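These notes are about the structure you will find just below.
Nothing in this text is a laboratory measurement; each read-out follows from the coordinates by a stated rule. Bear in mind that the values here come from a model prediction, so they are computed numbers and not experimental data. Using ideal geometry, Cβ is built from the backbone for each residue, glycine included, and neighbour counts are taken over all protein chains shown.
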Amino acid sequence: MADETRQLAEFTEKFAYEHIPPRIRTSALDVVVDQIGCEIGCSDLPWAIQVKDTYLKSGGTPEATIVRYGDRLSAVSAAFVNSTFGQAFEYDDLNPLVRGHPGAKLVPSLMAIAERDHCSGRDFLTAFVAAYEVRGHIGWALSPEMMTRGGPHFGTTCGPFGVAAGVAKLMRLGADGICHALGIAGTYSGGLMQYDHGGGSVKRIFCAVAASSGIQAAQLAQAGITGPEGILEGERGLLRIYSTQFRTERLVADLGKKWMMEHVAFKPYCVVGIIAAAIDGVKKIVATHNLRAGDIESIDVGYPTSHYQHAAISSPHDLLGMQFSTAYSLALTVIKGSNTPRDYTLEAMDNEEIKAFASRVRVVEDAELGKLYEGKLPARVKLRTRSGSVFEELVVDARGSPGAPLSAAEIDDKFRSQVADVIGTDRCEELLRVLRNVGSLDDMAKLPPMLVASK
């Protein structure tokens, strides 16, 4: 062991705004814009409201603002609610290399603390990038093997550590305090993934669990609670407990040089990330050969070993299951022509034409893909027509992934599509301008009122 946990703590403590390369700063702002758009746009979904109402009943010291609604709760509770909003409909950022959805846990938690403590936008952005790198290196070290064996979830496993590091930095706890916050965060690390087989709206709060627990870990460290040394690399630490193919050296490899943020992906479709490549493959085949739903006999989709069961629900019974169903998503692609939040509805799930088409889609394991394309989410599509033709398409870099990125303008348009109807066009544009320049804010407490809809 080389005290990797302490090295991460020291990296976080010393990390400064000037250490952020311009391209990484741009990517960080992309994540902030995309996440805030998802928080506002998805905040009226049934499970989002259920979570909000539950936490409002608990009350607490008014420290941070609930997006869209304007209620104020403790930083822990506000982070939980806003993080639920941000991951409420599988439309938020992801990272194929480090797995999970870093933005949906880091942005709400750090914003809650920055609002409470009146931190500058510069300090917020610095803590966010540092936390993203800590979270990213931990996920990278765990390797795809944890996903292959069915979890626990990378977000709820690695997320509390990233949040704890970023929050402890904002709270100026120093390297020792950050190290203790990381040690305490290990108490919260876990999260079973049966949802990708059995559905359930509880998946919507996975990022929220990481966001709130990371804050608690930092607050407990501030109060004097201490954590064990070596929480990541130790004999009973994260890596050895949750993976048999861990890479300890990746915890600190090229910190501040190899940027985890460079591997961020943004979703043009509101599905679990791996399905995006299959959607792109089918769209290309259908467009190239001018096919209609009735022309298609069957579709086989091959995914890497680590992921093929993650998107294989064949008969969903709720919207979460539908978003994790390659079969139903491809049915929407072919029949409806799109995979936006407007397309994933209970009516569509019960539509007989969609059901019939979905029954012709099969998900298979393609072990070669994982070996050839580590750190990516590829898919191999084989489509057979009723006339006997067979068309194949390999998609390594789905639209929105690092290899085929969305532009800042496209991310801004996605933001507008979710926010303008909620707060109005003029306020949407002003908010977008402020978010794109959040590093220049002198007080992050000035931002939350802009996220609230007029009553």
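Using Cα pairs under 8 angstrom and six or more residues apart, how large is the relative contact order of segment 4-263, in percent?
About 26 percent, as a whole number.
Near LYS414, within a Cβ-to-Cβ distance under 9 Å, what is the net charge of the other residues, with Lys and Arg +1 and Asp and Glu -1?
Spelling it out: positives minus negatives among the neighbours equals -2.
Using alpha carbons only, how many angstrom separate the centre of segment 306-352 from the centre of segment 158-203?
Cα centroid of segment 306-352 versus Cα centroid of segment 158-203: 30 Å apart.
Using a 7 Å offset from the Cα along the Cα-to-Cβ direction at both SER314 and ARG362, what is the distance between the two label points in nm, to one decimal?
Simple spin-label model gives 0.9 nm for this pair.
As an exercise, find the ratio Rg/Rh for segment 142-273 from alpha-carbon atoms, using the Kirkwood inverse-distance average for Rh.
Value, to two decimals: 0.97.
Explain nothing, just the number: dipole magnitude of the chain about its Cα centre with +1 on each Lys and Arg Cβ and -1 on each Asp and Glu Cβ, in debye rounded to the nearest 20.
240
Using Cα pairs under 8 angstrom and six or more residues apart, how large is the relative contact order of the chain, in percent?
Once normalised by length, the contact order is 21 percent.
Pairs to check: LYS14/LYS257; LYS52/LYS105; LYS267/LYS446; LYS284/LYS376; LYS52/LYS355; LYS284/LYS336. Give those whose C-alpha atoms are more than 24 Å from each other in this structure.
Violating the 24 Å Cα-Cα cut-off are LYS267/LYS446; LYS52/LYS355.
So for each of 128-135, 306-313, 357-364 I average, over its residues, the number of other beta carbons within 10 Å; can you give me the resulting order with the highest mean first?
With the highest mean Cβ count within 10 Å placed first, the list reads 128-135, 306-313, 357-364.
Using R₀ = 30 Å, calculate the FRET efficiency as 1/(1 + (r/R₀)^6) where r is the Cβ-Cβ separation of ARG416 and GLU353; round to 0.05.
0.40
Over 20 Å, how big is the tail of the calculated P(r) for segment 275-395, in percent of all Cα pairs?
37
Work out the charge dipole of the chain with +1 on the Cβ of Lys and Arg and -1 on the Cβ of Asp and Glu about the Cα centre, then indicate which of PHE246, THR333, LEU170 is farthest towards its positive end.
THR333
Hey, of [x] 70, 55, 40; [y] 67, 62, 47; [z] 65, 48, 42, which did the structure itself give for Cα extents along the principal axes in Å when calculated?
Correct label is [x].
For GLN194 and ALA287, FRET efficiency with R0 = 45 Å and r from the beta-carbon atoms, rounded to 0.05?
Plugging the Cβ-Cβ distance into 1/(1 + (r/R0)^6) gives 0.80.
Nothing charged except the Cβ atoms of Lys and Arg (+1) and of Asp and Glu (-1): what's the magnitude of the dipole of segment 80-211 about its Cα centre? Round to the nearest 20 debye.
100
So what is the relative contact order for segment 275-395, in percent, with contacts set as C-alpha pairs under 8 Å and at least six apart?
Computed over segment 275-395, the figure is 41 percent.
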